[in-house]
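The values are calculated or read from the model by the stated rules, or taken from the named source; none is laboratory data. In this text, all values refer to a predicted model and were calculated from it rather than measured experimentally. Here the Cβ positions follow ideal geometry from the backbone for every residue, glycine too, while neighbour counts run over all protein chains shown.
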Amino acid sequence: MPQILVIDDDEQIRSMLCAILEREGYEVEVAADGEQGLNLFRKNPADLVITDILMPEKEGIETVRELREEFPDAKIIAISGGGSLAHPEIYLELCKKFGALRTFQKPVDRRELVDCVREIIG
């Protein structure tokens, strides 16, 4: 069963993504910030990482960059609601430059996300 690591500081978002992905047959592990997510990935590399951008401890851009440095083949999707940012798309573009395969703005369309996950994992 393919494994997905969801990294997001918002417990409701983590729970929602976890429920959606588990319903689709994926095994899901969750982390509340980038540091925790990186540590989990180092212990048990997932087939895909879905990470938020704005988080405490270690934010998403840094998480994406470090994942790609340590694990060049890591498959990553970045998501952001923007929080207090005026232009979250700028941060999502940076994530693409650092190695995210796809990006989504919150709220994420469930069907679009599931289709993307299937496409990336195969």
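Annotations for the structure displayed:
- Qualifying residue in the stretch 26-35 (condition: closer than 23 Å to Arg118 by Cβ and among the acidic types (Asp, Glu)): yes
- Every residue from the stretch 99-119 that is touching a residue at least 24 places away in the same chain (Cβ under 8 Å), part of a loop (DSSP other than H, G, I, E, B) and either closer than 12 Å to Leu17 by Cβ or among the charged types (D, E, K, R) (or both): Lys106, Pro107, Val108
- For the stretch 69-98, a residue qualifies if it is at pLDDT below 95, in a loop (DSSP other than H, G, I, E, B) and among the hydrophobic types (A, V, I, L, M, F, W, C), and the qualifying residues are Leu85, Ala86.
- Residues of the stretch 48-56 include at least one that is touching a residue at least 12 places away in the same chain (Cβ under 8 Å), touching a Leu at 6+ places or on another chain (Cβ under 6 Å), assigned to a strand (DSSP E or B) and not charged (D, E, K, R).
- Met16 falls short on exactly one of the conditions (1) in a helix (DSSP H, G or I); (2) touching a residue at least 40 places away in the same chain (Cβ under 8 Å), and that condition is (2).
- Look at (1) more than 15 Å from Leu17 (Cα to Cα); (2) at pLDDT 95 or above; (3) surrounded by fewer than 22 Cβ atoms within 10 Å (Cβ to Cβ) and you find that Ala32 fails only one, number (1).
- If the condition is being charged (D, E, K, R) and either within 16 Å of Glu93 (Cβ to Cβ) or out of contact with any helix residue (DSSP H, G or I) (no Cβ under 7 Å at 6 or more places or on another chain) (or both), then the stretch 35-76 contributes Glu35, Arg42, Lys43, Asp52, Glu59, Glu62, Arg65, Arg68, Glu69, Glu70, Asp73.
- Qualifying residue in the stretch 10-22 (condition: in contact with a helix residue (DSSP H, G or I) (Cβ under 6 Å, 6 or more places away or on another chain) and under 19 Å from Gln105 (Cα atoms)): yes
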